[in-house]
Amino acid sequence: MLRRMMEEVFRREGVIAPTPVIESTSPFTNLQLVRAGLGLSAVPDSTLQASHRSLGVRRVHVTSAISMGPVALIYRSAVANPRVALLRATLGLPGPVVEPP
């Protein structure tokens with residue numbers, strides 16, 4: 001999904017998006033790949049803040065922001081998971097609040 005959003009930004013700017021050579025869904029792995037000189041990546045700001053100095057990577061500010069698409073929270077309702085309950089409470093979604101262990 002993130003790749004499609006990035007491709008959309010390139011398209012809106014009239015530029016052909018780079019062809020992916022390596023793909024990873026892990027933001028931390030993506031930062032390691034960038035550190036190794038293997039491309040560019042879009043990662044959550046919190047991931048970058050926690051790692052960019054130690055990895056020697058830099059943030060590039062772009063003027064055309066990536067539009068946020070819909071995000072779904074999917075979980076098994078038959079299994080009580082305190083982390084899901086905490087996330088639901090943080091997002092203001094209805095449901096029981098369970099303290100993490």
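The values are calculated or read from the model by the stated rules, or taken from the named source; none is laboratory data. All values derive from a computational prediction rather than experimental measurement. Quick note on the areas: whole protein, heavy atoms, side chains included, nothing else; ligands and nucleic acids left out. Shrake-Rupley method; radii C 1.70, N 1.55, O 1.52, S 1.80 Å.
Here is how the numbers come out for the structure above:
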item: With every protein chain in place, the stretch 1-50: carbon and sulfur % of accessible area (1.4 Å); result: 57
item: Accessible surface, per residue, of the stretch 1-50 when the full set of protein chains is kept, probe 1.4 Å, Å²; result: 75
